[in-house]
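The values are calculated or read from the model by the stated rules, or taken from the named source; none is laboratory data. Computed from a predicted structure; not experimentally measured. Here the Cβ positions follow ideal geometry from the backbone for every residue, glycine too, while neighbour counts run over all protein chains shown.
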Amino acid sequence: MVIRADLSEGNSVSKENAMAFPGTLFHETRHSEQRFNVLRYVEPNGWRFPGVNAPKHAVDLARTSPPNSDSAARIQAKMMNESVYGTGRARRAQVMAMMDQTGSASNQAVPSHGVESPQAEAAWFEHSPWYDAYRELPEEADAFKAGTKVGLMWKESN
Ligand SMILES: [Zn+2]
């Protein structure tokens, strides 16, 4: 997981960024958990690690802890595996490419917005015609659910 240095290593933080940080952190942490569960997932014909750029120790740990056959972790891992590496791969690639184009366009239009305001960047992405498709990708829907829940808890307690 990579957290932007300007959000986590500065000497100060805006209230806006401080309020958004926990939700973002949990969103990205959920993606890490998803990827680990994909590593743990065993297809009926055996292990497969398609294109997963994971450290050896994570792969080794995953191989020693496959999810139980009827567990929620296995069901989720199967769904994430299909979305990212299986039948959903082409659709996911298309959506992510279109979101990248939106990002490039926003960087040209407002060169400094990404550094100064992650919220401005998020607002720009939300205007992309592909944003709904992005949010509906299984791995994103799951991560947004986790991040939103934590973000709301954080805002209610601050
Ligand atoms: Zn995400």
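Quick one: which residue in 25, 39 is of a type in the set (A, V, I, L, M, F, W, C), assigned to a helix (DSSP H, G or I), modelled with pLDDT of 85 or more and more than 23 Å from residue 153 (Cβ to Cβ)? First the steps, then the outcome.
Working: 25 fails: more than 23 Å from residue 153 (Cβ to Cβ).
The unique qualifying residue is 39.
So which residues in the range 78-96 are small (Gly, Ala, Ser), within 21 Å of residue 32 (Cα to Cα) and at pLDDT 90 or above, if there are any at all?
Step one: filter the range 78-96 for residues small (Gly, Ala, Ser), giving 83, 86, 88, 90, 93.
With within 21 Å of residue 32 (Cα to Cα) added as a condition, the list becomes 83, 86, 88, 93.
Those that are small (Gly, Ala, Ser), within 21 Å of residue 32 (Cα to Cα) and at pLDDT 90 or above: 83, 88, 93.
Within the range 80-104, can you find the residues that are farther than 21 Å from residue 131 by Cβ and part of a helix (DSSP H, G or I)? Step through it out loud before you land on a result.
Within the range 80-104, the subset farther than 21 Å from residue 131 by Cβ is 81-82, 85-87.
Within the range 80-104, 81, 82, 85 qualify.
Report, ordered by the first and then the second residue, all pairs with beta carbons closer than 6 Å, sequence separation of six or more or different chains, a first member in the range 32-54 that is surrounded by fewer than 12 Cβ atoms within 10 Å (Cβ to Cβ), and a second member that is part of a helix (DSSP H, G or I) and modelled with pLDDT of 80 or more.
50/85
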